[in-house]
Amino acid sequence: MEQGVAPVVKAIKVLRAFTPAVGALSVREIAVRTGIPRSTAHALCQTLVTEGMLRRSDDGYQLGPLVLELGGLVIERTGLVRAAEGILERLGRVPEQEVHLGQLTEGWVVYLNRNAGPRRPEMHNRVGQRAPAHLTGCGKAALSVLPFDEVISHVQRCCADSDIPTPDMGALEAELAQARRDGFVVSTSFQRGRTSVASPIVDGSGRPVGGVSLAGPGGMFCSVVIGSSRDAVVEAASVISSRLVNGSLLWATRPA
């Protein structure tokens, strides 16, 4: 069993060596990042290229088309993008604010949509990016729906996987409890000088699927803008959640 599973584990380590900030890696870099011997890393990369999980590039290897295809299947299964159609574009906002739609994946948020106006502020968020949920507005909003012992498990795993320090769990618990009472969260912890106002999106069972946020330069978020942003994201999250609930009833009866 261990001999049969070990190659799979190593292959997954190779795939996880790629990050939003590192699009291409050489075999040597993959070996350093994963701790896998270089010869083994080379063989794994060749196999992953054959299967479409990686592709060769001038700089070494990049994630391949099959990763995108599989990711698309996961996104489609939740129905979040479909449920948000037409909502994000109509979300009221002030200049330089942009709308983010994020999907919760255990301790992470994956950004599925970034809808910006003509004045696009510089922000780290981009479609397809994965970020620690406990640092982002969309992520905190989604985590606030979960029991805190589940949040602890997600955050600890996320921090271990990404080699970032564990946050003050007491402060995080208080922040999420407040978000749960209010139905929204105001977050400044993802990017210096940037603020987001986010609300959770839930499915038919009441489990968090993700979040929707309005974000932009922190200086624009006076009490009036926070108030209008709050009203906008809470309403948008409610409509998207309702669509997920109604859609899940239809999909559940759809023949395989």
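The values are calculated or read from the model by the stated rules, or taken from the named source; none is laboratory data. A quick note: this is a predicted structure, and the numbers were derived from the prediction, not measured. Counting neighbours? That spans all protein chains shown, and the Cβs are built from the backbone with ideal geometry, glycine included. Calculation scope for accessible area: heavy atoms of the full protein, side chains included, ligands and nucleic acids excluded. Shrake-Rupley method; radii C 1.70, N 1.55, O 1.52, S 1.80 Å.
Taken over segment 154-179, the criterion of being in contact (Cβ under 8 Å) with a residue 40 or more places away in the chain and under 23 Å from Ile201 (Cβ atoms) is satisfied by His154, Val155, Arg157, Cys158.
Residues of segment 16-41 that are crowded, with 17+ Cβ neighbours inside 10 Å and assigned to a helix (DSSP H, G or I): Val27, Ile30, Ala31, Arg33, Thr34, Ala41. Restricted to segment 163-202, and to residues there that are at pLDDT 90 or above, over 18 Å from Phe221 (Cα atoms) and among the charged types (D, E, K, R), the residue that is least open to solvent (accessible area, probe 1.4 Å) is Glu175.
Please tell me if Gly227 is out of contact with any Leu (no Cβ under 9 Å at 6 or more places or on another chain) and small (Gly, Ala, Ser). Against the criterion (out of contact with any Leu (no Cβ under 9 Å at 6 or more places or on another chain) and small (Gly, Ala, Ser)), Gly227 qualifies. Residues that are among the small types (Gly, Ala, Ser), at pLDDT 90 or above, outside any helix (DSSP H, G or I) and touching a helix residue (DSSP H, G or I) at 6+ places or on another chain (Cβ under 7 Å) do occur in segment 49-56. Specify the residue that is modelled with the lowest pLDDT; the eligible residues are those in segment 106-130 that are in a strand (DSSP E or B) and under 9 Å from the mean Cα position of the chain (by Cα). Residue satisfying both the conditions and the ranking: Arg130.
Residues that are in a loop (DSSP other than H, G, I, E, B) and either crowded, with 20+ Cβ neighbours inside 10 Å or out of contact with any Lys or Arg (no Cβ under 9 Å at 6 or more places or on another chain) (or both) do occur in segment 69-86, at least one of them.
Among the numbered conditions (1) modelled with pLDDT of 95 or more; (2) open to solvent by 50 Å² or more (accessible area, probe 1.4 Å); (3) part of a helix (DSSP H, G or I), the only one that Ala160 does not meet is (1). From the residues in segment 131-157 that are crowded, with 21+ Cβ neighbours inside 10 Å and assigned to a loop (DSSP other than H, G, I, E, B), which one is farthest from the chain's Cα centre (by Cα)? Per the criteria, the residue is Ser144. For segment 210-242, a residue qualifies if it is of a type in the set (A, V, I, L, M, F, W, C) and open to solvent by 10 Å² or more (accessible area, probe 1.4 Å), and the qualifying residues are Met220, Phe221, Cys222, Val224, Val225, Ile226, Ala232, Val234, Val239.
Within segment 168-186, the residues that satisfy the criterion of being in contact with a helix residue (DSSP H, G or I) (Cβ under 6 Å, 6 or more places away or on another chain) and not hydrophobic (A, V, I, L, M, F, W, C) are Glu173, Gly183.
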